[in-house]
Every structure is written in structure tokens, then in C-alpha cells.
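**Student:** Quick one: structure below, then a few questions.
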Amino acid sequence: MSDVLVQRDGAYTTITMDRPRRRNALSREFLLDLTRAFQDVAATDALGIILAANGPVFSAGHDFADMAGASHADVRSLLQTCADLMRTIQSVPQVVVARVHALATAAGCQLVAACDLAVAAESAGFAAPGGKGGWFCHTPMVPISRNIGRKRTMEMALTGDVIDARTAAEWGLINYAVPDDELEKATLTLLQRATKGSPRSKALGKQALYAQLDRPEQDAYLYAIEVMAASSQTPEAQEGMTAFLEKRPPTWPA
């Protein structure tokens, strides 16, 4: 039985990590199952994806049962498998929102940071605890650092302390921290807001945003100009401009 649940509800699909007995720890098999789930949903007409979890922890990060005593090559391969999941989340055409109800630590926090958007319950927490132990959180800090900036990155990485959801929102790791009983509604509301407009235009926009984010400003402009100029020729762009000029709601191509 898979530890990953996939459920379609209208325009959106929820991918739920269902490994509570292991605190949703990211074993190799679990990472591969999650990656396949995102790839499968990517091939559908779903407009958005919610990444959720069952159990007392959103995700405890890597499963040390896979890593203790493993060879250098095996650990490298497992970390690559994890990075492949993060890149898959950012490459699928759908908007991906993490719905975080509890602790997201190490690679579990990496998973939240890799999603396009994130909403957390006020009782949730986030940590990169490697700084407290013997194995630093090198790979989790890649997407985390791209969300929160240098000084806060250093604080999370070096102290290993848990930050609460309100702090995570202030730092930019998540979009919103909400009362626990409003988590599902707030997540869905954000996803609905983020999926308005042409799905194909948004998919291209998401891809281009990730491609330019870490480029120097001049290079980012050169890239964005070419993408925006090319996309102006698509039916979606032409319909959007025509509808605006004609003062009518757009009708997006199928």
C-alpha cells in the first residue's frame, strides 16, 4: 500500500503524505512515490495541487534508517532523489501549495520551501536542526535560503531552533500562518486566488519565474524579455488583451 494518497476534488488535487508511523520521514521509496504522484497529477487538467500530511508531524525530514551506515555513493544518490522531488514540484504546470499542520523539520522544511506557496497552522513549526547535531542541513538550506534571506538562513541553520508559524510567515518561508481550525479553508482560498486566469499562461509564468529568480538582474531581464515577448503571441495573451480592450471577461482557449 502506498504511503501517498492522491485525491481529486473539482479543479484541485491533494497529495497527502500518509506515513504517520514514521512521522512522514522521507525514505527513498517515499520520495520516489511522491515524485511519481506529482508527475501523474502534472499530466492531468488539475489547476492546482495541495501538498498535505497525515499524522502528528508534517514531515520529520530524511529517514535515517536509509542513511545510517550507508556508503558515500548511496547517501549522495538518496539526496539526489530528494532534490529531484523538489525540482519536480517546481516544474509541474500546476500551482503547488503546502498545507502545513505541524512540525516540518530538515528535509520536511525543505519540502515546504520548495512549494510555490505555503500556509501553516499557528501551531506548526519549522526547523533545520542539523546545526545542533553532527550532520548539517546542507541540502534543506538550498530552498530555505532562497525564501528567507542570508541572516535568517544563518540563524535557522546554525541554531537549529524551531521557529513558529508566525515567525515563518514574517520571514517569508510561508505565505500565511492561520488559526488551526482555518487551515484547510485558508489554503484553498489562496490556491483559488493563485489559479485565476489562463492555466497555460500561468504554467509558463511559473517556469519562467523559477528560471530568473537567482540570475543577476541584467540576465534576468534579458531572459524575461524574451519569454514575455514570445508569450505575447500565444492565444491566451491575445485573448487577454482583446478582452481588456473590449471591456469583457476573457474566454481562455481550451
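The values are calculated or read from the model by the stated rules, or taken from the named source; none is laboratory data. Bear in mind that the values here come from a model prediction, so they are computed numbers and not experimental data. Every residue, glycine among them, receives a Cβ derived from its backbone with ideal geometry; neighbour counts consider all protein chains shown. Areas reflect the complete protein model, heavy atoms only, side chains present, ligands, DNA and RNA absent. Shrake-Rupley method; radii C 1.70, N 1.55, O 1.52, S 1.80 Å.
**Student:** Given the C-alpha centroids of segment 69-123 and segment 178-250, what is the distance between them in whole angstrom?
**Tutor:** Centre-to-centre distance over Cα atoms comes out at 23 Å.
**Student:** How would you order 108-117, 215-224 from highest to lowest mean count of nearby Cβ atoms within 10 Å? Can you show the working numbers first?
**Tutor:** On the way: 108-117: 25.6, 215-224: 11.8.
Those peptides, ordered most packed to least, come out 108-117, 215-224.
**Student:** When only Cα pairs under 8 Å and 6 or more residues apart are kept, what is the percent relative contact order across the chain?
**Tutor:** Working: 445 pairs, mean separation 38.0, N = 254.
RCO, the chain: 15 percent.
**Student:** Ok, one more. Per 10 Å bin, what percent of the C-alpha pairs of the chain does each bin hold, from zero upward?
**Tutor:** For the chain, the pair-distance distribution reads 7, 29, 35, 20, 8, 1, 0.
**Student:** Follow-up question, since we're still on this one. For the residue pair ASP161 and SER232, what label-to-label distance in nm results when each label sits 7 Å from Cα along the Cα-to-beta-carbon direction?
**Tutor:** Modelled inter-label distance: 5.0 nm.
**Student:** So what's the back-of-envelope 222 nm ellipticity for the chain, counting only DSSP H runs of four-plus at -39500 (n - 2.57) apiece and dividing by all residues, rounded to 500?
**Tutor:** -14500 deg cm²/dmol
**Student:** Evaluate the distance, in nm, between pseudo-label points positioned 7 Å from the Cα of ALA211 and of LYS151 along their respective Cα→Cβ axes.
**Tutor:** 3.5
**Student:** Same structure again: In debye to the nearest 20, how big a dipole does the chain give about its Cα centre with +1 on each Lys and Arg Cβ and -1 on each Asp and Glu Cβ?
**Tutor:** Using Cβ point charges on Lys, Arg, Asp and Glu, the chain gives about 180 debye.
**Student:** How large, in percent, is the carbon and sulfur part of the accessible surface of segment 96-167 at a probe radius of 1.4 Å? Provide the component values of the computation, followed by the final result.
**Tutor:** Details: 1580 of 2900 Å².
Of the solvent-accessible surface of segment 96-167, carbon and sulfur hold 54 percent.
**Student:** Another question, if that's okay. So, for segment 181-254, what is the accessible surface per residue at a probe of 1.4 Å, expressed in square angstrom?
**Tutor:** About 74 Å² of surface per residue is accessible.
**Student:** Also: With the Cα gyration tensor of segment 202-254 giving a ≥ b ≥ c as the square roots of its eigenvalues, does the rule (a/c under 1.5 for rounded; else a/b larger than b/c for prolate; else oblate) give rounded, prolate or oblate?
**Tutor:** Working: a/c = 3.10, a/b = 2.37, b/c = 1.31.
Taking the square roots of the gyration eigenvalues as a ≥ b ≥ c, segment 202-254 is prolate.
**Student:** Provide the per residue accessible area, probe 1.4 Å, for segment 1-107, rounded to a whole number of square angstrom.
**Tutor:** On a per-residue basis, segment 1-107 sits at 45 Å².
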